[in-house]
Every structure is written in structure tokens, then in C-alpha cells.
Ligand SMILES: Nc1ncnc2c1ncn2[C@@H]1O[C@H](COP(=O)(O)OP(=O)(O)OP(=O)(O)O)[C@@H](O)[C@H]1O
Ligand SMILES: [Mg+2]
């Protein structure tokens, strides 16, 4: 006691206002660390901004399309005449061109063009027109407004991807055609409209990027996610509960634990080849089917769900288990009445993150034939949704990106926007669920 | 205390509720409880005292098989509840724990409403026939936990929102709601202020009318105040066991004496 008092008296008095050297050093270290942190976040935000900007810039045009809109009346005589000839669609195309010419004349267009020009701008229109009248024969004789999609080159020209001077005349497009396009744009005959077909439509062939939609592959992804959710959530949660709460801690469970952690790090393409070998070659499940995709992605998602579920079970304080057991609850009652509800937010978050990961996974789908499959049809029903060949969003994006026509490139970017929108929605759902469950306590 | 109760007490003391014979508890290689023999009487408060780490909690937890939840823990010897070996293979620990309730050192209410905390035990054991029955059980338990007046207007509020002392009394109410025959309490007052401690001690004294209560405590005064019997543990051994008055005034073993007078522990 006395010693301490003495040494304290001998030490020089320090002021609280003047910082000593150690304090200064500590403070500057703290400042430096904060600066690092702010820089790191800044860099992150910068790249995020660049990413979003480039995605939106390249992808947004995929959501719009340019249409040639023509009001046109088909008389009964014209219909009968067209149906009576051999080259029916050519006849319809002729009628359409006449209608268009009349409309252009009304607006006082003075550009030279011929039927070929129209064909280069709007493609072969006869088919679409004939299809319309066959389906709606009652519209014969009354005016109908046709919104016919323009060709992908015209579309890209209108989106400003190239200028008139850059056009090399070819059988697809001539520079002179663009004069007509400009005029029609000015007169409103060619309009830019929101392309619902991109969101709800099916994939088109390799030569028609304008008609390609991501809808069918969204359905494919949906069925896949359904399989993943229905299989991996119960299996994963049950496995975690068993491992965490019931299994004895011995060498075997240690081994299982290590293996699960390792599985989470296995490259997804390995799961793909496993799926190919087991589900398709051995079990003879159909190729390119969302069912198989879902099974493969389930294998991939399980470790993620198990790891996050176990972590959230571990985070529940043991005193809660003691409390339940102490008043005579069985182990299962303790787990299901008390531990699981507390772990729920963590489990749900883990599950949704696992699903989001699975939603964006492309590599395993390569091997089971979902990449490259042209999803031209919607599944016919719920069961067919699982077993009929389909594509999935990331697979569709990959397919589009690898097609030659530059129009598909834009579609691929648009597909990425749709995919990101789904991921964002899932993350928001995860946050909402977590909030909701946490608030209950 | 009236004469009637003194007589009761004398009779009750003869009933042995729990009998432990040559009990050994191991945590892996750590021999935590060595050769413990003790008879815990019915309708009596028995206090376990001893320095930290001597095995009081361990022994207490082996009385309702809470040690089963610890993988490395092994119990040998016999512990008889009303003459039946609780470590018998046919015994369901769940049934045992319904009879031998436990209050833990740290208050651990469920993160549910106050009502649900207390009602949980009666619900899973099917003690209430209907809602009115359950309400009655809950009220009675909360009254016995000396907390009814504080919470009667907020039964639907979370139990975790109470103060530490209130939480502990809620846990006591929760434990008595299942009508156990034995109540084990591991340092129930370590988180409580003197007023709440006094309330809990009063409660323990009341519980004695119906139950056998075993309480672990670090407070000599508390042991002296509430218990009739005291067991002194040291390094895993039961050094001395006897009437509380005798242990505190006239201990046989020198280790007991030095602990009580504050020389070890
Ligand atoms: N879960 C456990 N795993 C391993 N060893 C344990 C465990 N719990 C207790 N022990 C050991 O058993 C011995 C007795 O511990 P116990 O908790 O019973 O002591 P205590 O008398 O209750 O002490 P305190 O008064 O501090 O609560 C100690 O040596 C302790 O290290
Ligand atoms: Mg203890």
C-alpha cells in the first residue's frame, strides 16, 4: 500500500488536456484504420456502381422493342383472294405493304422504298398477318392495328448501337433503309414499346433475337427451385438437428462434420457430373429436366443449409435447452418448442441464401443438358414442369451470350437483370422473414 | 412457527426422499464426485455448500439426470428416489425430471410470454384440462413464486423483459407449476438483490411444506437461514452432512470448520 502511494507521488503529473505520446500514437493508428475501412468500402461501392451501370446500360434495351405499327383493314374479298392462292403469305404481305404505303402517303413521306425495304425492316410479315386473321376471322372488314416487331438490326440502330454511316449494305440491311426508318420513327409509325414478350416469352431460334423471351426459362428455374426447396430444407434441417442436438459426439460425427464442410467447397461442376452419372445415366431421368437440375442443385445447396442451420442451432443458448429439459420436456420437445423457433431466422436466411446461390448456378446445368436447350415451349402442366426439358435463367443467359447474332448479346444482359431482380427479391424476403421472426421474441 | 408444524417436521424428517449410494461422477477422466452417500429427507430444505469447483452443481445435476445432456459425463453408483433407482435403464429421464424440478443459477426464462413460460410445463405434462384450469395453475405458480403482483397485468409480455430477480422468480414459478416432488435449486439467489433474496428464501420455506428442496448456495447465512440439513462438499467429497445447526455451530471435520469460518474456499 505505502509503496504504491510513494511511486504514484514520484511519477510526473500528466495533464488530461495535453495528449501524451502514447495516446497520440494510438489515436493516429485508429484514424489510419478508419481511413482503410472507408477506402475499402469506397472501392467496393465504386465497383458496385460500375457493375450496375454497365448491366443496366447494356441490359435495359432488352426490355424494349421497336414495332412497326400499321392500321390496316382486310376486306372479305382480299381474304378470300389470299386464301385462294398458292403463296398465301406473300399475298398477305402484299396487302400489308399496300396498307403501309397508304399510311405513309397520308403522312407525306418522300422516301423511296420498295417491298424489299419493308421486308428488311419488319421481316416477312405475311405469316403474322395471316395467323391473326385465321384466329380472329371476325376482324375481317374492320380496321386492325398491327404492331409488328422490327428486325433486330433496326432495333439496334434505333437503340443507337450503330450509326447510318457504319452500315455495310447486305441482304439484311442497307443504309438507305434507315432513311425510311428515320422517317417512320418521326411519324410514329415505328415506336418503341415495352417488350412483355421478353419477360413472358419463350426462347426463339438462333436467327430471331427480337422474339426471344426469358419466360420459359424462368418457369424452368421456378420448378428447379421448388425441387431444391422441398428437398433441401427438410433434409438439411433434419440432418442439422440430428447432428447438433441428438448425435453423440464421436469420431464418426466428426468425420461427417468435416465432410459436410468439404462438400460446401466442392466446385459446382463436380455436382453436375455426379448428377449426370447418377440421375441421368444410372436412374434414367430425362435430360434437361428441371427435376434433374433441382436434384443436382439440392446436392449443392444441402451443405450450405446444414452449415447455416447448425450455426444457428449452436447460437441458441444452452440454458434454454436446460430450462426445457429441467421441467420435464423431452429432448424433442425442447428442440421443437424452444430451440428451433429461436434458430428459425438463421435457418431461413441460410436457406434463402442457399437457394439464391442455386438459382444463379450455371456450371452443373451444363452437364445435364439444360444449357443450350432451346426452351421454345412452356411446360404443359405442373408435373410436366418437372420432367419436360426446359432451360433455366442462368443457362438461358449463357446460351444467348454464346449465340452469334449480336441481338442476343443484349438479351443476355437483359436476362441478367431479370436474374438479379429475382436474387434481390429473395434477399429482401430473407430480411423480412428474419425481422418478423426476431420480433416475435 | 406453531407447535403443530414442529411436530410435523419431526415426523417428516424420517422419510427419505432421495438416497445416494457410492455415487461417482466423472467428466471424462476428471473424477468430480467421489463416493458420495447422502440421504435427502422429504419436506426438508437441504443446503449444499462448499468451495467453488467442489462438485455441488455436478451432484445436484445428477439428482435429476441433467448430466445426461453432457456427453462426457458418467455417473456410477445408485441414486434412489422413493426407493427406485433413477439411473435404472427403464427410467425415462423425462418422467424423472417432471418429478424432480430444477431452478438454475442463471435465470433462463423462455423467450416467450410470462404466461407461456409458466404454462409450458403443465401443458406438456397434461396437467390442465382446459384453459380455465391452466389459468388457475399459472396464477397459483406465480403467486408461489412471489411474483404474481408484479406481473399479473403483463402476462402476455415476454418473460425475458423482466429484471434479473423477477426472471429468477419466474423460473421458480415455472418449476413449481409442474408440481414436482423435489425441487433442485442451483444458487438461485446469486443474481438477486437482498429483497428478492428474502422473497425467494421465504418461498423456499413455504415450499418445504410440500416438497423436498435442495439448494446450492455460496452464502453461509443463506444456508443457515433456510435449510434444516447441510452438506459440505470439498474437492468432490462429501465431507460432512448433518443438521444445519450442528454443521454451523459444531462441525466435526476440521475442513468444514475452516470453510465456514472463511479459511478455505
Ligand atoms: N460440463 C463439464 N465438463 C467438464 N467438466 C466439468 C463440467 N462441469 C463441471 N466440470 C468439472 O467438475 C468439477 C465440479 O464442478 P461443479 O460445477 O460441480 O462445481 P461447483 O461446486 O458447482 O462450483 P461453483 O460453486 O463454482 O458453481 C469442476 O472441476 C469442473 O471443472
Ligand atoms: Mg455450480
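Bear in mind these aren't lab numbers, they're just calculated from the coordinates by the rules spelled out. Remember, predicted model here, so these are calculated numbers, not experimental data. We place every Cβ from the backbone using ideal geometry, glycine too, and count neighbours over all the protein chains shown.
Peptides A:222-232, B:158-168, B:194-204 ranked from most to least packed by the mean count of surrounding Cβ atoms within 10 Å: A:222-232, B:158-168, B:194-204.
Rg and Dmax, both from the Cα atoms of region A:210-321 and both in Å, are 17.1, 62. Here region B:55-154 is treated as a Stokes sphere of Kirkwood radius computed over C-alpha pairs; at 10 °C and 1.306 mPa s its diffusion coefficient rounds to 101 µm²/s. Judged by the mean number of other Cβ atoms found within 10 Å, the most tightly packed of the peptides A:186-197, B:111-122 leads the ranking B:111-122, A:186-197. For region A:277-356, the spread of Cα coordinates along the three principal axes comes to 54, 24, 15 Å, biggest extent given first.
For region B:158-237, taking Cα atoms only, Rg and Dmax work out to 13.0, 41 Å respectively.
Peptide A:327-339 has a mean of 6 when you count, residue by residue, the C-beta atoms of other protein chains within 10 Å of its C-beta. Only DSSP H runs of four or more residues enter the estimate; each adds -39500 (n - 2.57), and after division by the residues of chain B the mean residue ellipticity at 222 nm equals -11000 deg cm²/dmol. Counts of other chain beta carbons within 10 angstrom of each beta carbon in peptide B:105-111 average 5. Each residue in A:413, B:148, A:252 was given a count of other beta-carbon atoms within 10 angstrom of its own, and listing them fewest first yields A:252, B:148, A:413. Counting, for every residue in B:170-178, the Cβ atoms of other protein chains within 10 Å of its Cβ and taking the mean gives 2.
For region A:47-130, the spread of Cα coordinates along the three principal axes comes to 62, 30, 21 Å, biggest extent given first. Here the relative contact order of region A:92-182, from alpha carbon pairs under 8 Å that lie six or more residues apart, stands at 34 percent. Note on chain A: Rg/Rh from Cα positions, Kirkwood definition for Rh, rounded to two decimals, is 1.18.
Shown here is the pair-distance distribution of region A:63-194: with all Cα-Cα distances grouped in 10 Å bins from zero up to the longest one, the shares run 12, 43, 32, 11, 1 percent. Ordered by the count of other Cβ atoms within 10 Å of each Cβ, fewest first, A:89, A:49 give A:49, A:89. Region A:319-367 and region A:197-215 have Cα centres separated by 40 Å. Note on A:184, A:283: ascending count of other Cβ atoms within 10 Å places them as A:283, A:184, the fewest first. For region B:17-260, the C-alpha radius of gyration divided by 2.2 N^0.38 Å, with N the number of residues, is 1.00.
I need the shape label for region A:215-437. Rule: rounded when a/c is under 1.5, else prolate if a/b > b/c, else oblate, with a, b, c from the alpha carbon gyration tensor. Since a/c reaches 1.5 and a/b is larger than b/c, the shape of region A:215-437 is classed as prolate.
The order of the peptides A:237-248, A:349-360 by mean Cβ neighbours within 10 Å, most packed first, is A:349-360, A:237-248.
Look at where the Cα atoms of region B:187-216 and of region A:118-132 average out, and the two centres are 91 Å apart. From its DSSP helices (H runs of at least four residues, each -39,500 (n - 2.57)), chain A gives a residue-normalised ellipticity at 222 nm of -20500 deg cm²/dmol.
The value of relative contact order for region A:215-437, using C-alpha pairs under 8 Å at least six residues apart, is 30 percent. With q set to 0.10, 0.11, 0.23 Å⁻¹, the log10 of I(q)/I(0) for region A:149-272, from the Debye formula over equal scatterers at the Cα positions, is -0.60, -0.65, -1.32. Restricted to Cα atoms, region A:243-285 shows a radius of gyration and a Dmax of 14.6, 39 angstrom. Rounded is the label for region B:10-117. Its Cα gyration tensor axes, ordered a ≥ b ≥ c, give a/c under 1.5. Of the beta bridges in the protein assembly as shown, as assigned by DSSP with both residues counted there, near 65 percent are antiparallel.
Under a no-solvent Debye model with one identical scatterer per Cα of region A:332-441, what's log10 I(q)/I(0) at q = 0.12, 0.16 Å⁻¹? Log10 I(q)/I(0), no solvent term: -0.59, -0.85. Give the relative contact order (percent, whole number) for chain B; include only Cα pairs under 8 Å separated by 6+ residues. Dividing the mean separation by the residue count of chain B yields 26 percent. Under 1.5 on a/c is rounded, so check that first for region B:124-188, then, if it is not, pick prolate when a/b is larger than b/c and oblate when it is not; a ≥ b ≥ c are the square roots of the alpha carbon gyration tensor eigenvalues. Verdict is oblate for region B:124-188.
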